[in-house]
Structures are given as structure tokens and as C-alpha cells.
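Some notes on the structure that comes next.
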Amino acid sequence: MKNKKTIIILCVSIVLNFYGNNTYQYFINLNKISNYKILVTLLPPSVDSANINFSFPAIVPGTYEINNFGKYITNFNAFNRFGEKLKIEKLDSNTFRIFNAQELTKITYYVEDTWHNKKNKGEVFEPASLNLDTLPNSAKLINTHCLFGYFEGKKKIPFKIQVEKPNSFYGATSIQNIKSTDNIDVFISPNYHLLIDSPILYSIPDTCSFTEHGSKISISVYAADKKINSTEIKTTIQKIISNYYTYLGNKLTAPNYHFLFMFSNNLNSQGALEHSYSSIYSMPEINYVAIEQNLKQFVAHEYYHTITPLILHSKEIENFNFNTPKMSKHLWLYEGVTEYISLHMQAVSKLISVEEFLDELSIKNITMRNFNKTLPFTQLSLQVLDKCKKEYSNVYVKGALLAMCMDITLLKHSEGKYNLQNLINDLCKTYNNTKPFDDDILFDEIEKLTNKNIRYFINQYIDGPEMLNVESFLEFCGIELKGQKNETYKVLSINNKANTQQIKLRNAWLNINTL
């Protein structure tokens, strides 16, 4: 292991030496946080143009919302080698133009905490926030997109990040750590995209790990009142990952994966954000039994994102523009399929009962009525940042039901032999994390892998305005509505008088042989 680490560090050193001055070198000090602000210092890569733009992200992948992280930047200054300030001009919320940039040797600025920011409370989703809590021994959540910017045209060169930290703190992250002492960490990223794909949770360590079929899973927890610990969470996560291995066809897609948890006394703080090799969770610190089911669902959902959109995605995501994004029209796939699969996997793996699974679908079926019933999902996706912003939450509701109905349709027309996960697996044979699909031809590719019945389904319900009648699809499987539960939603239940064909399809869908 020691030799392997030495080789990795040597390779990184070779890369840095190769790029020479063409490397971003960032410095922050977690011991010097004042008024929820932190100083960032950048020794920039060489610049050969007279003027250059330096930007912070307006949006980051996975959030589907314009946050304009440049709003939280103050006292932005650029200097030459004599320590003299260069002229700068703020072009918009996120971009600074630096003049005489060929003389540039240093940039400094302050970044405001977005987690505790009273002026903009709730504006930035907590798992995407910068948490600079100033209480003794409190955790610091370093979402790198909040802190670090880039030069126009220079996102594909290395970034080196040096962090001074309290002696007792550990930085949990998926990003490559090339140096770690009691009070300094040094991280390296080959490009900006991977850098901002790698949050860091700094805290007094509460960590554990396990290996599942060759994949190393690491868990880091911060809970101020110590009501929850990483060992407790490990049992739940291990069940999820173990059953995903079987569900995905005896494979796991991430060789290393980090789960980062922040628990707080905010009872309304519940959410998670996926990354390629990690996910960050914000949850209330209460009795673990009370939050276990929510945590299980969050973990199951975020982990499936290692497949879509992190492996299976369009060119719009592969070449993501952090400041003027062009959205993909396939949120039904990225979020809808993910939400459905996260529930279906638990049902067929017996992590939740069939009744609990059907209850979740019932809730979504009722909730769907609060949204535009005839809005094509492709249109919602393309306009999710503006015209269809209020419809976004429907990706977890109707999006999941669309995936369920597609799953049932696939099984129906293959006599139970081909399901939605089989389709995803086949798509991943053609497309992967370095080979994105063309947004406009994905439906053609799906038709080639399946049949005209699936294309009809897509044209009607995903790419078209037809209302989704969930009950008719469930009827194929002998599932029916049965009265009310707590007068809040209709309950789906198994029809014990179903015919042989319905039972066969239901067994194939839910992986059950007896009812």
C-alpha cells in the first residue's frame, strides 16, 4: 500500500512539473474564519492575453437551479509581482475581468458562508452550500464550487488546493490527497470539472469503511451532539450497496465511493447531492431509528446516480457550462429513473415490503396532480431553469411514475424477460462516462434496443403531452386502488383475484413468486 501511494504521488508530481506554471494553486486556512468569511489566495496559471475573465459558477451539475455563487465573493483583488493591484471590472454576478493580465501573479478574495447566510437563507441548497461554522470543533463543509473559480478557456488544466486545518480535523473527500500532515492537506485535481465534483467535509473524524465486491465504501459523519455515528449508518449503507450489486447485474460502478453526512439541529434540513465518487447529506440530528428510512432512501437514490447521469448522460452534461448552461431534455432519465429504481431495488431486495413500495407509489400518484398534467417531460427538462422552474419537483414524482410505467411496459412486451434496468445496462454498453449520447437521438437508440411499443410510450408520455394514467399500467400487474389511507392518499394493493397473466407480470416486476 505504501509503494502504491508513493507511485500515485510521483505521478501527480510529474503532471504538475509537466504543466509548470499552467496550474492553479489555491490556498485557504480553516483556522482563520471570521464573520463566516474565509480568505482565498490563488497563484494563477500563466496568462498570455492582455485581459482575461475569471468566473465562479452560476450553476453546478445536479442542482438544476441558478445560484450565482459569485454573489458570495467580496474584496476580489488581482496583483502583479510587485504587489500592485491590477485593474478589475465586475462584468456580472459571477465574472471579473482582469486587465493587464499578463502581469498577474496573485488573486485574493473572501467567500461568505452560504449555509448560515441570513440574508440569503435557504437560497443555496444545503448539500451544495459552504458551511464555515465558527463554533469550536464544528464541521466545515467545503463545497469546492463555492470557493474556487477559473479563467475563461482554462478549465482543463490541473488545480492544486492547500488547506490549513485544525490539528484534530480530518478532510473526508473523494478528491486525491497528495499530502496530509497534522495541520495541512494538499489536494490535486486534473481539471475544474473534477474539482467541483469533489466536496470535502472537515471535522473531528468519525469514519468507517467497508469493501463490497472490490468497491471501497467510506463513510464520514459529523453530528454535533453525537446522537448518530458512522458505525450505526454503516449497517444501513452496507445493505443498500450489497443489494445494488445484485440488482445491477453483479457489478458496482464506482471502485471508491464516499458518503459524507452532516447532522444538525435544524429539523427542516433534509437533502442530498450526488457527485461522481461521493455524495453529501444534510439531515436533522435526531434518534437514528426516526431517520433511518429517509436516510436509506436518500442513499439508495444518490448511489444510483453513479450510473445516471454520471455514466449515462448527454453531451450537455459532459460539456457542462457552469455559467451559461444548456440543459439536457432527459431529466426523466437522470432523476425520474433514479428515484424509481432506488425504490424498486429496495422492494425486490426485501429492504422494504411490497406494501411500503406501493404506498410510496400511491403518494406520488396523488402528488403528481399538483403539477401541470400535460407538460411534456422533455420540455420541463429543457426549461427547468426558467419557464418550468416551478415544475422541477415533479421529476421525483411523475418522473418516477414514468419510469415505473416504462418498466412495466418493457416487461409486458417481453413476457417478463426484459426490464428497465436491462435497458439501462444495454445503453451503458454503448455510452459511458467518456462517451455521452446525443440528446436528440437517445429515444431512437432506446427504440432500437426495445420495440415500437416503447417508442409509442415515449412519444405519448415523455416527449408528448398525454396524461399518465398510472392505474391502467398497474392493472396489467393486478395492482389496484383500494380506498383511502388516513384520508391523504389512495392505497395501491394486490388484487388477489388477478388472472394468470397479471400474476406472471407482477412476479416478474416485483421479483416475487408467491403472494
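The values are calculated or read from the model by the stated rules, or taken from the named source; none is laboratory data. Everything numeric here is computed off the predicted structure, so don't read it as measured data. Positions of Cβ are generated from backbone atoms using ideal geometry, with glycine treated the same way; all protein chains shown enter the neighbour counts. When the accessible area is computed, the model is the full protein with side chains, heavy atoms only, and any ligands, DNA or RNA have been set aside. Shrake-Rupley method; radii C 1.70, N 1.55, O 1.52, S 1.80 Å.
Can you spot a residue in region 480-490 that is open to solvent by 40 Å² or more (accessible area, probe 1.4 Å), within 24 Å of K373 (Cα to Cα) and touching a Pro at 6+ places or on another chain (Cβ under 6 Å)? Break it down stepwise before answering.
Within region 480-490, the subset open to solvent by 40 Å² or more (accessible area, probe 1.4 Å) is 480-488, 490.
If we keep only those that are within 24 Å of K373 (Cα to Cα) too, we end up with 480-485, 487-488, 490.
Then keep just the ones that are touching a Pro at 6+ places or on another chain (Cβ under 6 Å); that gives none.
No, region 480-490 contains no residue that is open to solvent by 40 Å² or more (accessible area, probe 1.4 Å), within 24 Å of K373 (Cα to Cα) and touching a Pro at 6+ places or on another chain (Cβ under 6 Å).
Kindly indicate whether S353 is open to solvent by 10 Å² or more (accessible area, probe 1.4 Å), in contact with a helix residue (DSSP H, G or I) (Cβ under 9 Å, 6 or more places away or on another chain) and closer than 20 Å to Y245 by Cβ. Lay out the reasoning, then the answer.
Numbers: open to solvent by 10 Å² or more (accessible area, probe 1.4 Å): yes; in contact with a helix residue (DSSP H, G or I) (Cβ under 9 Å, 6 or more places away or on another chain): yes; closer than 20 Å to Y245 by Cβ: no.
Here the answer is no, as S353 does not meet what is asked.
Please pick out the residue among P325, P309 that is more than 15 Å from W509 (Cβ to Cβ), open to solvent by less than 20 Å² (accessible area, probe 1.4 Å) and modelled with pLDDT under 95. Can you show your working first?
Numbers: P325 fails: open to solvent by less than 20 Å² (accessible area, probe 1.4 Å).
Exactly one of P325, P309 is more than 15 Å from W509 (Cβ to Cβ), open to solvent by less than 20 Å² (accessible area, probe 1.4 Å) and modelled with pLDDT under 95, namely P309.
Name the pairs: first residue in region 43-70 and on the phi > 0 side of the Ramachandran plot, second residue open to solvent by 10 Å² or more (accessible area, probe 1.4 Å) and part of a strand (DSSP E or B), Cβ to Cβ under 9 Å, at least 6 apart or on different chains?
G62/E274
Return the total of residues in region 222-236 being in contact with a helix residue (DSSP H, G or I) (Cβ under 6 Å, 6 or more places away or on another chain) and in contact (Cβ under 8 Å) with a residue 60 or more places away in the chain. Walk me through it before giving the result.
Just the residues of region 222-236 that are in contact with a helix residue (DSSP H, G or I) (Cβ under 6 Å, 6 or more places away or on another chain), to begin with: 228, 232, 236.
Retained after the next criterion (residues that are in contact (Cβ under 8 Å) with a residue 60 or more places away in the chain): 228, 236.
Of the residues in that region, 2 qualify.
Within region 198-241, track down each residue that is of a type in the set (A, V, I, L, M), assigned to a helix (DSSP H, G or I) and more than 19 Å from S276 (Cα to Cα). Before you say what the answer is, go through the steps one by one.
So in region 198-241, the residues of a type in the set (A, V, I, L, M) come out as 200-201, 204, 217, 219, 221, 223-224, 228, 233, 237, 240-241.
From the residues that got through so far, the ones that are assigned to a helix (DSSP H, G or I) too are 233, 237, 240-241.
Of everything in region 198-241, just one residue is of a type in the set (A, V, I, L, M), assigned to a helix (DSSP H, G or I) and more than 19 Å from S276 (Cα to Cα), namely I233.
Among (1) out of contact with any Phe, Trp or Tyr (no Cβ under 7 Å at 6 or more places or on another chain); (2) more than 25 Å from I363 (Cα to Cα), which single condition is S278 missing?
S278 satisfies every listed condition except (1).
Would you say N419 is touching a helix residue (DSSP H, G or I) at 6+ places or on another chain (Cβ under 9 Å) and touching a residue at least 12 places away in the same chain (Cβ under 8 Å)? Quick ask: steps written out before the conclusion?
Working: touching a helix residue (DSSP H, G or I) at 6+ places or on another chain (Cβ under 9 Å): yes; touching a residue at least 12 places away in the same chain (Cβ under 8 Å): yes.
In short, yes.
Would you list the helices (runs of 4 or more DSSP H) that sit entirely within region 286-403 and hold 1 or more residues that are over 26 Å from H258 (Cα atoms) and polar (S, T, N, Q)? Break it down stepwise before answering.
Details: elements: 288-304, 315-318, 338-348, 354-367, 377-382.
So the answer is 354-367, 377-382.
Is at least one residue of region 247-257 touching a strand residue (DSSP E or B) at 6+ places or on another chain (Cβ under 7 Å), surrounded by 21 or more Cβ atoms within 10 Å (Cβ to Cβ), hydrophobic (A, V, I, L, M, F, W, C) and within 19 Å of S198 (Cβ to Cβ)? It would help to see each step written out before you state the result.
Of the residues in region 247-257, the ones touching a strand residue (DSSP E or B) at 6+ places or on another chain (Cβ under 7 Å) are 252, 254-257.
Of the ones still in play, those that are also surrounded by 21 or more Cβ atoms within 10 Å (Cβ to Cβ) are 257.
This time we only want the ones that are hydrophobic (A, V, I, L, M, F, W, C), so: none.
Among the residues of region 247-257, not one is touching a strand residue (DSSP E or B) at 6+ places or on another chain (Cβ under 7 Å), surrounded by 21 or more Cβ atoms within 10 Å (Cβ to Cβ), hydrophobic (A, V, I, L, M, F, W, C) and within 19 Å of S198 (Cβ to Cβ), which makes the answer no.
Could you tell me which of the residues A400, A347 is open to solvent by less than 10 Å² (accessible area, probe 1.4 Å) and either free of Cβ contacts under 8 Å to residues at least 24 places away in the same chain or in contact with an Asp or Glu (Cβ under 6 Å, 6 or more places away or on another chain) (or both)? Outline the logic, then answer.
Details: A347 fails: either free of Cβ contacts under 8 Å to residues at least 24 places away in the same chain or in contact with an Asp or Glu (Cβ under 6 Å, 6 or more places away or on another chain) (or both).
Criteria check complete, one pass: A400.
What tally of residues in region 312-322 results from selecting those that are in contact with a Lys or Arg (Cβ under 6 Å, 6 or more places away or on another chain) and open to solvent by less than 10 Å² (accessible area, probe 1.4 Å)?
Step one: of region 312-322, the residues in contact with a Lys or Arg (Cβ under 6 Å, 6 or more places away or on another chain) are 316.
Next, from what is left, pick out any that are open to solvent by less than 10 Å² (accessible area, probe 1.4 Å): none.
Adding up the residues that qualify gives 0.
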